[in-house]
Amino acid sequence: MEKLFFIVISSLFLICCSSSNNTIETPQDNSIIGSWQLVQAYIASGGSNNAWRDIENRYVYVLKEDGTFTSTRFDACDKGEYSYNETSLTLAFHCENFTMGIETPEGTFVESASMEDGFLVLSPTYLSCDEGCLFRFSKISIF
């Protein structure tokens, strides 16, 4: 019994006194890098029914560290380059002659962006939403 007590105490001592100079890196919850899936939309209609609504057509943006992205949003184009500055996300799709006819320049979509409660919240600057339109994206894992 005495040996068991000594082993337990020794183990606790080693655990407590082991290299305290090591820093533990916490994940960047606000990192834009990763896979983001559209999950909800908030489109104000001026009435009292304003609320976040679940989305069925859940397209995905995969934002990579090198500034490139892939997307399931459009059938005609699924890749490009992006830039992010914590207030806006610019997605420049790189497919020949790709346009939806609502963006300027063609193929480039600029979104107001913010991180809220772990969600990436985007609001299109290329649409006219009198009372606002917001889209929530949730970070997902793709295997």
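Read-outs throughout are calculated quantities, based only on the coordinates presented, and are distinct from any laboratory measurement. Note that this is a predicted model, so its numbers are computed, not measured. Because the Cβ atoms are built from the backbone with ideal geometry, glycine has one as well, and the counts that use them run over all protein chains shown.
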Legend entry - Computed lengthening from T87 to Y59, 0.36 nm per intervening residue step minus Cα-Cα distance: 7.9 nm
Legend entry - Rounded FRET efficiency, nearest 0.05, which uses the C-beta distance separating D78 from I140 and R0 of 22 Å: 0.85
